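Asks: Take a look at this one; I'll ask things after.
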Amino acid sequence: MQKQLITAVVLAFATWITPQTAGAQGAGRSGKSVVEAVCASCHATGAKGAPKIGDDKAWASLASRGLTGLTESALKGIRNMPPHGGSPGLTDIEIERAITYMVNQSGGKWSEPISDVTAAAERRGEQIVRTQCAKCHQTGVSGAPRIGDRAAWIPRLKHGLDFVVRSAINGHGPMPPRGGMADLTDSEIRAAVVYMFNPVSTPMKGPSDAPAARPDPNHVVVDGTEIYLGVVAAESLRAQYAKGSKESSMHGGIPGGKGHYHVNISLFDSKTRGVISDAQVEASAADPVMGAVTKKLELVTLNNIKSYGNYFRMPGKDPYTITVKIRRPGTSRPIEARFNFRHD
Ligand code: HEC
Ligand code: HEC
């Protein structure tokens, strides 16, 4: 095989911080775009006694009341502050984001809230599993991977959470499409899969012979963010997805030749289980000889499910270290996770 030079890109954070363009991700508008369109008309100048954006002192004392308290008064209105800032069409989450944005423009360090609607849907995961998926996945009917049996789930998740989710949506063999519940949404299926892999709080009785809390090499929790890594060979994507399909046209198309892999990252808030889709994600794949290649992972929406991905060339036999950096709006520092990747 010809030796191909992979330039070692030692990326400083400077190239990595491209501010997220406002809006268009997640449910509803971003804080920045709401503030610019609505709240700034008073809060930029301090008109009518509005706390001015950038007045750290005024906002610090407001911020000490917490997001819930401030949101309540912004929704209801207070003195010269009209309810919903005068825009009744804004959702609660958009108001929360707008407040967070103003707090952060004024010396605060809040992270922009993700949609509660998503969080509620994700909480349904457990419920769906109990009522439907458990019929087979509780005891392992026809070879169904059992709930909480990480040893059974880990190899399936190796290709990425979202590939498994899509396989559950489509069904295969004894696994019925959507687990036999046609009205489940895609994100509910994802929530159910996440729950089965990783039952939280009140776990259902798992198989007693399953090893307890076996660590998954492709799943970590860092600072309240759950990070799932998946790696799939480009060849197997090419075999699986028709030309012109959404899957095959991700990131400008499946690269030809050998040694290319699709690297996929799925992110959740570990508390709410809400999907995180407002992050900037970057990954680098490093082998000891060639050094590291760093790329931005693009937001991918397939079947209404959002994750981040890009192609990397990893032709070597030695294990690669995949380092993922994730930055959320409103946070001062990216979080980082490191995985090892070895060819089968
Ligand atoms: C028409 C002018 C105006 C607009 C538009 C406006 N505000 Fe205000 N806002 C005010 C004024 C005036 C106050 C101070 C109220 C007081 O304490 O007397 C205020 C106060 C607040 C407070 C502090 C509330 C408290 O409990 O002390 C928050 C939070 C807030 N605004 C959020 C927003 C958000 C979010 C938007 C945009 C969606 C917005 N505002 C749009 C005028 C405005
Ligand atoms: C009628 C039995 C049955 C029900 C109900 C069922 N499953 Fe399955 N499921 C299976 C079987 C059997 C497999 C293993 C199939 C295989 O490996 O080919 C499986 C596999 C899976 C996989 C792994 C797919 C992969 O590519 O590795 C996922 C994810 C999954 N099920 C999700 C669900 C969810 C979510 C529900 C509930 C909404 C559900 N299943 C309900 C029988 C069932």
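The values are calculated or read from the model by the stated rules, or taken from the named source; none is laboratory data. As the structure is a computational prediction, the values presented were derived from the model and not from experiment. Cβ sites come from the backbone with ideal geometry, for glycine too, and all protein chains shown count toward neighbours. Only protein heavy atoms, including side chains, enter the accessible area calculation; ligands, DNA and RNA are left aside. Shrake-Rupley method; radii C 1.70, N 1.55, O 1.52, S 1.80 Å.
Asks: Rg over Rh of the stretch 116-197, using C-alpha atoms and the Kirkwood radius, what does it come to?
Replies: With Rg and the Kirkwood Rh in hand, the quotient comes to 0.93.
Asks: Hey, rough spin-label estimate for Thr301 and Val222, points 7 angstrom out along Cα→Cβ, what's it come to in nanometres?
Replies: 2.6 nm
Asks: What percent do you get for the relative contact order of the stretch 217-261 when only Cα pairs under 8 Å and 6+ apart count?
Replies: Rounded, it is 34 percent for the stretch 217-261.
Asks: If you don't mind, another one. Let's test the formula: R0 of 41 Å, r as the Cβ-Cβ distance of Gln127 and Glu336. What FRET efficiency results, to the nearest 0.05? Display every interim value, and only then the final one.
Replies: Numbers: r = 34 Å, r/R0 = 0.82.
In this case the efficiency is close to 0.75.
Asks: Placing unit charges on C-beta atoms (Lys and Arg positive, Asp and Glu negative, everything else neutral), compute the dipole magnitude of the stretch 218-341 about its Cα centre in debye, rounded to 20.
Replies: Result for the stretch 218-341 is approximately 180 debye, rounded to the nearest 20.
Asks: Leaving out ligands, DNA and RNA, what percent of the accessible area of the stretch 218-341 is carbon and sulfur, probe 1.4 Å? Don't jump to the answer; show the numbers that get you there.
Replies: Details: 2600 of 5150 Å².
On the stretch 218-341, the fraction of accessible area on carbon and sulfur atoms equals 50 percent.
Asks: Of all accessible surface on the stretch 116-197 at a 1.4 Å probe, what whole percent is carbon and sulfur?
Replies: Carbon and sulfur atoms account for 57 percent of the accessible area of the stretch 116-197.
Asks: Which of the peptides 148-154, 62-68, 175-181 is most tightly packed, and how do the rest follow, judged by the mean count of other Cβ atoms within 10 Å per residue?
Replies: So the peptides 148-154, 62-68, 175-181, ranked by packing, come out 148-154, 175-181, 62-68.
Asks: Let me ask something additional. Using a ≥ b ≥ c from the Cα gyration tensor of the stretch 31-104 (square roots of the eigenvalues), is it rounded, prolate or oblate, where a/c under 1.5 gives rounded and otherwise the larger of a/b and b/c decides, a/b for prolate?
Replies: Note, shape of the stretch 31-104 comes out rounded.
Asks: So how far, in whole Å, is the C-alpha centre of the stretch 232-277 from the one of the stretch 140-200?
Replies: Between the Cα centre of the stretch 232-277 and that of the stretch 140-200, the gap is 18 Å.
Asks: What accessible area per residue, rounded to a whole number of Å², is obtained for the stretch 218-341 using a probe radius of 1.4 Å? Numbers along the way, then the final one.
Replies: On the way: 5150 Å² over 124 residues.
Per-residue accessible area for the stretch 218-341 comes out at 42 Å².
Asks: Using modelled backbone amide H atoms (1.01 Å from N, in-plane), which distant-in-sequence or interchain residues come within less than 5 Å of Ala44's amide H?
Replies: So Ala44 has HN proximity to Ile53.
Asks: Modelling each spin label as a point 7 Å along the Cα-to-Cβ direction, I'd like the His343/Thr45 distance in nm, to one decimal.
Replies: In this crude spin-label approximation the distance works out to 6.5 nm.
Asks: Here is a further query. If you roll a 1.4 Å probe over the heavy atoms of the protein chains, what accessible area per residue do you get for the stretch 116-197, in Å²?
Replies: Ligands and nucleic acids excluded, the figure is 43 Å² per residue.
Asks: Could you derive backbone 3J(HN,Hα) for the stretch 243-257 from the dihedral phi with the Karplus parameters 6.51, -1.76 and 1.60 (θ = phi - 60°), listing whole Hz in sequence and x where the residue is Gly or Pro?
Replies: In residue order, the calculated couplings are 4, x, 6, 4, 4, 7, 9, 4, 6, x, x, 6, x, x, x Hz.
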